[in-house]
Amino acid sequence: MNGIVVINKETGLTSRDVVNQLNKQLNTKKIGHTGTLDPLATGVLVICIGKYTKLVDKITCYDKEYIATIKLGVRTDTLDSTGKIVETNDKVMVDNQVLKNTLNSFLGKSIQEVPKYAAIKINGKKLYEYARNNEKVELPKREIEISDIELLEKKKDEIKFRVVVSKGTYIRSLIRDICEKLNVIGTMSNLKRTRQGMFTIENSYSLTDVKKGNFSVLKVEDIFPYTHYILNDEEYKKVKNGVPILLNKEDGYLFMEYKNQIIAIYKNFEEVYKPYFML
């Protein structure tokens, strides 16, 4: 099988657990996901199968939309509700306008510190392994971008917001930074990824759906808006073998089609089109 399946991950599973289950259900080993979701988190997990695993890096770079919930008055070592409680405060007050202004202050590019309970490796060792062993390590920082953020609901001890972020953004860390700016303590209690690029939760499937065969597999023509270029016999022989071809076209990418079948995506390098993704 070759294609993309959009999974609606349930809570309690790691992204690797989802891949392992799909290996069995789809009877294939060549599967990759395009952005880790913590076990606590639910929602969109884009799965690439077969030849489409070549697109993992491209799709991983797409922006992501989340709905996140902050539990006020509690701070944990993992920055979410699965961790050990290290501080509590039952007298947390947050003004609505101050909250909205604070959320908006995170719009744009900024530098974010990775949480200590993360799978990123430092000197060949995962950060959470350092944390579990109480070993000190300098936490890496990375540039992120928040393109949209919106308060959805505020209760006495809970804040729910929607946010659109760039690749590599940790929502747990964002919540930590929001709480610090509000001068309160809080932790992430719920997280749902509702979109990644053009892939939405409304068009996703549960693992049960996949097990029952109630799902659709997306192909390149379903996810990319590229122009179709109809190959002649000579061009087909070149494209089939991954040979660059000279075309008087301005499109950045082209679907190379032969006898009603897309056989490759070619990318434009100053009128010379070269292989980008072979099918």
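The values are calculated or read from the model by the stated rules, or taken from the named source; none is laboratory data. From a predicted model like this one, the values you see are computed outputs, not experimental measurements. Methodologically, a virtual Cβ is constructed for each residue, glycine included, from the backbone with ideal geometry; neighbour enumeration extends over all protein chains shown.
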Modelled with pLDDT under 95, over 22 Å from ILE178 (Cα atoms) and either in contact with a strand residue (DSSP E or B) (Cβ under 9 Å, 6 or more places away or on another chain) or exposed (fewer than 15 other Cβ atoms within 10 Å of the Cβ) (or both): does that describe VAL94? no
Can you tell which of LEU174, LEU191 is assigned to a strand (DSSP E or B), within 17 Å of the chain's Cα centre (by Cα) and under 25 Å from ILE111 (Cβ atoms)? LEU191
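Does THR28 count as over 16 Å from the mean Cα position of the chain (by Cα), closer than 23 Å to ILE223 by Cβ and not basic (Lys, Arg)?
On the way: over 16 Å from the mean Cα position of the chain (by Cα): yes; closer than 23 Å to ILE223 by Cβ: yes; not basic (Lys, Arg): yes.
Here the answer is yes, as THR28 does meet what is asked.
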Any pair with Cβ under 9 angstrom, 6 or more apart, that starts in the range 1-22 at a residue that is touching a residue at least 40 places away in the same chain (Cβ under 8 Å) and farther than 17 Å from LYS192 by Cα and ends at one that is small (Gly, Ala, Ser) and surrounded by 14 or more Cβ atoms within 10 Å (Cβ to Cβ): MET1/GLY50; ASN2/GLY50; GLY3/GLY50; VAL5/SER204
Considering THR28, THR88, which residue is of a type in the set (Ser, Thr, Tyr) and within 21 Å of LYS155 (Cα to Cα)? THR88
Looking at ILE47, ILE70, can you tell me which residue is β-branched (Val, Ile, Thr), touching a residue at least 24 places away in the same chain (Cβ under 8 Å), surrounded by 17 or more Cβ atoms within 10 Å (Cβ to Cβ) and not assigned by TED's automatic domain parsing to the domain that holds LYS116? ILE47
Restricting the range 119-155 to residues that are basic (Lys, Arg) and within 25 Å of LEU107 (Cα to Cα), the residue that is surrounded by the fewest Cβ atoms within 10 Å (Cβ to Cβ): LYS155
Residues of the range 157-189 satisfying the condition of being touching a residue at least 24 places away in the same chain (Cβ under 8 Å), surrounded by fewer than 18 Cβ atoms within 10 Å (Cβ to Cβ) and under 24 Å from GLY73 (Cα atoms): ASP157, GLU158, LYS160, ARG162, ASP177, LYS181
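Would you please name the residue that is farthest from VAL56 (Cα to Cα), looking only at residues in the range 192-204 that are of a type outside the set (Gly, Ala, Ser) and surrounded by 17 or more Cβ atoms within 10 Å (Cβ to Cβ)? Before you say what the answer is, go through the steps one by one.
If we filter the range 192-204 for residues that are of a type outside the set (Gly, Ala, Ser), which is where we start, we get 192-196, 198-203.
Now narrow it down to the ones that are surrounded by 17 or more Cβ atoms within 10 Å (Cβ to Cβ): 192-196, 199, 201.
Details: LYS192: 21, ARG193: 17, THR194: 19, ARG195: 16, GLN196: 12, PHE199: 14, ILE201: 18 Å.
Here the residue is LYS192.
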